[in-house]
Amino acid sequence: MFPIHLFVTGGTLDKDYDPISGELTFPASCIPSLLEESRCGLALTVEVLFEKDSLQMTEEDRRKINQACEVCPENHIVITHGTDTMVETAKALQHNSKLFDKTIVLTGAMRPYRLSQSDASFNMGSALMAVQIAGPGVFIAMNGRLFLADQVKKNLSAGIFETL
């Protein structure tokens with residue numbers, strides 16, 4: 001078993017409903033609870049880079065993700081990310097020549113982990129499995145499928161990811 005680095009960047013997966021404001025907010029990351037609940041037995045390092053809705057992500061945020069992946073000693077990386085701009089970030093990572101020998105898998109959720117009927121645990125499990133068996137490259141693990149970064153899009157009307 002090799003070590004995996006899991007970077008948290010926010011997205012719907014990590015949001016929660018605030019009953020006072022009526023908004024979805026970012027409390028402390030749910031990833032430790034999700035992993036514990038799943039009885040995850042992998043050698044994981046979890047690092048929170050930031051907690052943002054992906055529609056609020058900037059090029060500076062993408063540079064931060066890129067740099068974190070570059071200096072990360074592990075060659076197997078999972079990144080939680082909001083689904084709206086996940087493909088954009090995946091492509092930015094794919095074009096970074098310093099990452100060509102790493103396996104990077106982005107994942108997220110259409111519904112927050114803390115709410116019922118979330119796809120968060122399923123997608124996280126898929127990403128953690130994918131990072132162990134895929135070769136070097138940048139991928140997106142959503143809806144039980146693994147996509148190459150430059151061959152996927154989010155279908156807004158169906159609420160799924162699909163091949164271009």
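Rule-based calculations on the coordinates, nothing more; no lab input. Source: prediction; values computed, not measured. Counting neighbours? That spans all protein chains shown, and the Cβs are built from the backbone with ideal geometry, glycine included.
For the range 107-123, indicate whether the set of residues that are under 23 Å from GLU60 (Cβ atoms) and of a type in the set (Gly, Ala, Ser) is non-empty.
yes
Can you pull out every residue in the range 58-84 that is touching an Asp or Glu at 6+ places or on another chain (Cβ under 9 Å), surrounded by fewer than 22 Cβ atoms within 10 Å (Cβ to Cβ) and polar (S, T, N, Q)?
ASN75
Would it be correct to say that LYS15 is of a type in the set (Lys, Arg) and under 22 Å from GLY137 (Cβ atoms)?
Taking the combined requirement at face value, the residue does not satisfy it.
Out of the residues in the range 97-134 that are farther than 20 Å from VAL87 by Cβ and among the basic types (Lys, Arg), which is surrounded by the fewest Cβ atoms within 10 Å (Cβ to Cβ)?
LYS98
Counting just the residues of the range 14-35 that are surrounded by 12 or more Cβ atoms within 10 Å (Cβ to Cβ) and of a type in the set (A, V, I, L, M, F, W, C), which one comes out nearest to THR107 (Cα to Cα)?
ILE31
Take the residues in the range 36-52 that are out of contact with any His (no Cβ under 8 Å at 6 or more places or on another chain) and farther than 12 Å from VAL8 by Cα, then tell me which one is surrounded by the fewest Cβ atoms within 10 Å (Cβ to Cβ).
ARG39
Matching residues to (1) without any contact (Cβ under 8 Å) to a residue 40 or more places away in the chain; (2) closer than 12 Å to LEU13 by Cβ:
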residue	(1), (2)
THR83	no, yes
ALA92	yes, no
LYS98	yes, no
THR103	yes, no
ASN123	no, yes
GLN132	no, no
VAL138	no, no
LEU146	no, no
VAL152	no, no
